[in-house]
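Nothing in this text is a laboratory measurement; each read-out follows from the coordinates by a stated rule. From a predicted model like this one, the values you see are computed outputs, not experimental measurements. Note: ideal-geometry Cβ built from the backbone for every residue, glycine included; neighbour counts use all protein chains shown.
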Amino acid sequence: MFIRGSRYVRTGKLPDVRRVRSTLPKQRNLQEITKGFKFQSQPDDCWAVCIYNILHELSERSGLDALKISESRLNRAMGYGRGMGALAIRIDGVAPNLNRLLLPHGYRMQERSEIGLVGIAEILADESASFPVAGVSSAYLRAKKNTARLKIEGEPSEGVDHTVVVLGADAREIVAFDPLEKFSRGGRGGDGLITLGTPTFLEYWGRASVARQWVMYATSIPKRDERSTLKHPRWSVIERDQSGDDK
């Protein structure tokens, strides 16, 4: 499956109608997919913004408003901030903490690594799943800094990854949304949509420090698994939102 212009080639299995009340197809116009997407407001909040974006799109597509979780709530769940920004995040705790928010609504966040291009294509074709967030290496940021349309202050640190939302892929090109596109004080930025040659993307993706060929995405829980998952002690405590910001 790949985006060509404003159209998708339709592939993949049908959605699980018990869990996904689909109001929109996953494969549709790029601008329609990204119309509710946000850009970074801080130089290091790409991961949280990408999670916000994929959940917002999944909410629109499934008709489940509970998936529209606010940025502030996601930041708290992921451990972002505490005066340290992204440095405060414990990577191994992100998915479990996000799942405390998602599991009561029949969804869970999954992480996979070393999945290759075939793995990304499977996620893109799955109507019950969100679009995947992919980690790319600091080499991506260094290359981006040299483009004419975006100016990044300072030099990206070695070992600091960036995240993008992958929207389409084939053997030639990868189409993604990059939340960094408008985080610029001197550059023009863009609409967030970028296209990379597949070999170039695979190089950046394969050198990410978090894990090689790493992705994170939300997917629905099959009915038969929902009861046992919600009873698991790891998910027994649902996050209490101290500020009352639930949207």
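Here the extension length gained between Ser41 and Ser72 equals 10.0 nm, from 0.36 nm per residue of separation less the Cα-Cα distance.
Our coupling estimate for the range 120-125, obtained by passing each phi through the Karplus curve with A = 6.51, B = -1.76, C = 1.60 and θ = phi - 60°, is 4, 4, 5, 5, 5, 7 Hz, Gly and Pro reported as x. For the pair Ala171 and Thr198, the difference between a 0.36 nm per residue extended length and the Cα-Cα distance amounts to 9.1 nm.
The label point for Glu114 and the one for Glu32, both projected 7 Å from the Cα toward the Cβ, are 3.9 nm apart.
Full extension of the segment from Arg142 to Arg212, taken as 0.36 nm per residue of separation minus the current Cα-Cα distance, would add 23.3 nm.
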